[in-house]
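Visitor: Before we start, here is the structure in question, set down as structure tokens.
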Amino acid sequence: VKWSTKAAEQGNADAQYKLGLMYHFGEGVPQNYNEAVKWSTKAAEQGNADAQFYLGRMYGIVGRGIPEDYVQAYKWIILAVAQGDKLPQKMRNNAVLEYRDLLNQKMSPEQIAEAQRLASEFKPVISSK
């Protein structure tokens, strides 16, 4: 946790995502969904596909530490799908696409269009540290 925190604070997206997971599951730190979302968002904004998938799930169905928002969920999921080669094989083939399809069924065409617009406007943040 100590080294992941140091790297995350320096802007390392992989460390930010891993630290987010530590907070999500309470591994080495007290479980804290708000901190999990905070660190995962920092990683997702830098273009980390795993963090984007995580945020999509948090916004869409898990809902801990973040309000349910299908538009945001779909945005992060389609950004992760677009980076399929950066996701683990099992996620590429199953989880991400299945979750995208599940959201598709819950959303109106207007919500989907809004999420697609947000995803198309997404520009990864370059860490300043």
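Visitor: Over segment 25-69, with every protein chain in place, what whole percent of the accessible area is carbon and sulfur at 1.4 Å, could you tell me?
Guide: That fraction is 43 percent.
Visitor: By how many degrees, 0 to 90 and rounded to 10, does the Cα axis of helix 13-25 deviate from the longest principal axis of the chain?
Guide: So the helix axis and the longest Cα principal axis differ by about 90 degrees.
Visitor: Which entries in Lys2/Lys38; Lys42/Lys75; Lys18/Lys75 show an alpha-carbon gap greater than 24 Å?
Guide: none
Visitor: If contacts are Cα pairs under 8 angstrom and at least 6 residues apart, what is the relative contact order of segment 1-88 in percent?
Guide: Once divided by the residue count of segment 1-88, the mean separation gives 21 percent.
Visitor: Continuing with the same structure: By per-residue mean of other Cβ atoms within 10 Å, what is the highest-first order of 97-110, 43-56, 5-18?
Guide: Ranked by mean Cβ neighbours within 10 Å, highest first: 43-56, 5-18, 97-110.
Visitor: Still on this model: Would you mind calculating the gained length between Glu110 and Asn32 on full extension (0.36 nm times residue separation, minus the Cα-Cα distance), in nm to one decimal?
Guide: Taking 0.36 nm per residue and subtracting the Cα distance, the gain is 24.8 nm.
Visitor: Between Val29, Val96, Val81, which gets the highest mean-square fluctuation from a Gaussian network model of the chain, Cα cutoff 10 Å?
Guide: Val29
Visitor: What are the extents of the Cα atoms of the chain along their three principal axes, listed from largest to smallest and rounded to whole Å?
Guide: Extents along the principal axes, in whole Å: 44, 27, 26.
Visitor: Which of the listed residues, Leu118, Gln31, Ile77, is farthest toward the dipole's positive end in the chain, when Lys, Arg count +1 and Asp, Glu count -1 at the beta-carbon?
Guide: So the residue we want is Gln31.
Visitor: Quick one: helix 96-106 against the long Cα principal axis of the chain, what's the angle to the nearest 10°, folded into 0 to 90?
Guide: The angle comes out near 50 degrees.
Visitor: Between helix 109-121 and the chain, what is the angle of the helix's C-alpha long axis to the longest principal axis, kept within 0 to 90° and rounded to the nearest 10?
Guide: For helix 109-121, the angle is close to 50 degrees.
Visitor: Would you mind working out the accessible area per residue for the chain, using a 1.4 Å probe, and quoting it in Å²?
Guide: 55
The values are calculated or read from the model by the stated rules, or taken from the named source; none is laboratory data. Predicted model, so just to flag it, every value in this text is computed and none were measured. Every residue, glycine as well, gets a Cβ built from its backbone with ideal geometry; the counts of neighbours run over all protein chains shown. The area values use the complete protein model at the heavy-atom level, side chains included, leaving out ligands, DNA and RNA. Shrake-Rupley method; radii C 1.70, N 1.55, O 1.52, S 1.80 Å.
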